[in-house]
1. For region 125-167, which trypsin sites (Lys or Arg not before Pro) are both in a DSSP coil and crowded by at most 10 other Cβ atoms within 10 Å?
2. Based on the Cβ-Cβ distance from ASP115 to PHE136, what FRET efficiency comes out when R0 is 41 Å, to the nearest 0.05?
3. Across region 32-48, in residue order, what do the Karplus-derived ³J(HN,Hα) couplings come to in whole Hz, using 6.51 cos²θ - 1.76 cosθ + 1.60 with θ = phi - 60° and x for Gly and Pro?
4. Applying a 10 Å radius around every beta-carbon, put 107-114, 89-96 in order of their mean neighbour count, most first.
5. Can you pull out the GluC sites (Glu not before Pro) in region 1-91 whose DSSP state is coil and whose Cβ has at most 13 other Cβ atoms within 10 Å?
6. What does the C-alpha gyration tensor say about the overall shape of region 2-122? Classify as rounded when a/c is under 1.5, otherwise prolate if a/b is larger than b/c, or oblate.
7. Going by how many other Cβ atoms sit within 10 Å of their own, how do PHE141, PHE53 line up, fewest first?
8. Could you work out how much longer the chain between ASN41 and ASN74 gets when fully extended? Use 0.36 nm per residue separation minus the Cα distance between them, nm to one decimal.
Amino acid sequence: MDRITAYTTHRPDVCLLVPNHARFILDLGCSDGSLGESLKNAHPEREVCGVEFSEDLAMHASIKLNQVIVADLNDASCLNVFSHRKFDCVIAADILEHLLNPIDLLKHLNPLLADDAVLIVSLPNIRHHSAFYSIFVQGTFPRRNRGLFDDTHLRWFTLQDSRNLLESAGYTLDRVHCTLRVGDKGGGRLNKLVSRLLDPISGFAPIRDS
C-alpha cells in the first residue's frame, strides 16, 4: 500500500514543468493516471496518453486519460503504437530507474517528439545524506518499499549520471529542478517546508533529489 500511494500522486512538481502550450502529452509509467488528470484539468483541450505496466492501474488510468496501453517499457518497441503521433511533451517521472536499459527507451522516444517538444525526466538522486548514513555508518544498503531505496529500482543516479544518460541518448539538458528531501522518501509537510525555505540554494544542497 505504501508503494502504491507513492506512485499514484498528482505530482504538482512535475505538472509545473509542463509547458502551457503542450497539447499532446505522453506519460510513461502513468500509474493510475493522476498526473495526467491534473494536466487535463489545467487545460481541458489537452490529450494525454499513458503507458503502464500494471493492468489494474492502467484500468483506472484509462478512465482519466485519452489513451492508455498496458506495456513493459523494458521493451521500447511498445512505443511503436504511437508512431502516428507527435507529442509536445513526454514525461518520464520516476520510471527510468526501474528499467534494465533506460537509454534504449529514451532513444525510441525521438521519433515521437514534435520539433519543439519537451522531455521531462524525474530521477531520485542517490547522492543523498541518507545513503551516506546507511552505507558508511550503518554498513548496509537498505531496500524498502518506496523512496530512494525502493526495492524495485534497478539503477541509481547522481545528478551527473542523469546528465550523462540524457546526453548519451541525444538530448540537450535545458533545465534542472531540484526537490529537497530531508529523508529518503518524498512528500510530507517537513519536506515541503524544507523545500520552500532552502529552494534558493537547492542547487548546492547535498540532500537534493533531481
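1. ARG143
2. 0.30
3. 8, x, 5, 5, x, 4, 5, 5, 6, 5, 5, 9, x, 6, 6, 10, 10
4. Details: 107-114: 16.0, 89-96: 23.6.
In descending order of packing, they fall as 89-96, 107-114.
5. Sparse-neighbourhood loop GluC sites (Glu not before Pro): GLU45.
6. rounded
7. Details: PHE141 10, PHE53 17.
So the residues, fewest neighbours to most, are PHE141, PHE53.
8. Answer, rounded to one decimal: 8.9 nm.
Taken together, the values in this text are just the output of simple stated rules run on the coordinates, not laboratory data. The model shown is predicted, which means the values in this text are computed figures rather than measured ones. Cβ coordinates were reconstructed from backbone atoms using ideal geometry, including for glycine residues, and neighbour counts include every protein chain displayed.
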